[in-house]
Amino acid sequence: MIQSDNNKRAVTSQEAMLLRAHHNNEPPLGENIKVKLNGKSWGKSTNLICYFTEIESGINFTLSLFRSKKDGKSYCAPDHKVDFSETGIVGNLYCLNIQKSSRSKFASLKGANLYFSEE
């Protein structure tokens, strides 16, 4: 399942329900995890939920990104290399650094780099 309209920042609530149903695994932890971005939806607390598939294992998972404290508008890892709220990025491949959050039990995106763009 991949987001149908790549010109939007996020999908509709109906499409988000379908994406969530297919992306219900725990995210892998580590560095240089190669993933494909399948879609994005808005969360309930000013967060952007990104739907990924790990290339190596085929595992589908989500990561929640919050608005950057640095600029107040982008949704990215602390390294600010990729703004996942941009349009036209669904389908791209990324290398992610995913670690357990120091403040909660959830996985957190620590870094992201574009690995391959479909454009």
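Is it possible to state the helix-based mean residue ellipticity at 222 nm for the chain, with each DSSP H run of 4+ residues giving -39500 (n - 2.57), the sum divided by total residues, to the nearest 500 deg cm²/dmol? What is it?
Using -39500 (n - 2.57) per qualifying helix, the result is -2500 deg cm²/dmol.
Could you run the Debye sum over the Cα atoms of the chain, one equal point scatterer each and no solvent, and tell me log10 of I(q)/I(0) at q = 0.16, 0.21 Å⁻¹, two decimals?
Rounded to two decimals, the profile gives -0.68, -1.28.
Along the Cα-to-Cβ line of ILE59, 7 Å from the Cα, sits a label point; which residues in the range 102-116 have backbone N less than 13 Å from it?
Residues passing the 13 Å test: 107-108.
Rounded to whole Å, give me the distance from the Cα center of the range 88-106 to that of the range 1-63.
Centre-to-centre (Cα) distance: 10 Å.
For the range 1-63, give the magnitude of the charge dipole about the Cα centre (Cβ charges: +1 Lys/Arg, -1 Asp/Glu; no others), in debye to the nearest 20.
280 debye
Which one, THR12, HIS23, THR46, is farthest towards the positive end of the dipole of the chain when Lys and Arg carry +1 and Asp and Glu -1 on their Cβ?
THR46
May I ask which residue of LEU93, TYR115, SER68 lies farthest towards the positive end of the charge dipole of the range 13-116, with charges of +1 (Lys, Arg) and -1 (Asp, Glu) on Cβ and the Cα centre as origin?
The residue sitting farthest along the positive end of the dipole is SER68.
Comparing LEU19, LEU29, LEU96, which has the greatest mean-square fluctuation in the GNM of the chain with Cα pairs linked when under 10 Å apart?
For the chain, modelled as a Gaussian network with Cα springs under 10 Å, the answer is LEU29.
For the pair LYS34 and GLN99, what calculated FRET efficiency results from E = 1/(1 + (r/R0)^6), where r is the Cβ-Cβ distance and R0 = 25 Å, to the nearest 0.05?
0.95
Readers should treat all values here as calculations from the given coordinates under stated rules, not as data from a laboratory. Since this is a predicted model, take the numbers as computed values, not measurements. A quick note on method: Cβ atoms are made from the backbone with ideal geometry, for glycine too, and the neighbour counts reach across all protein chains shown.
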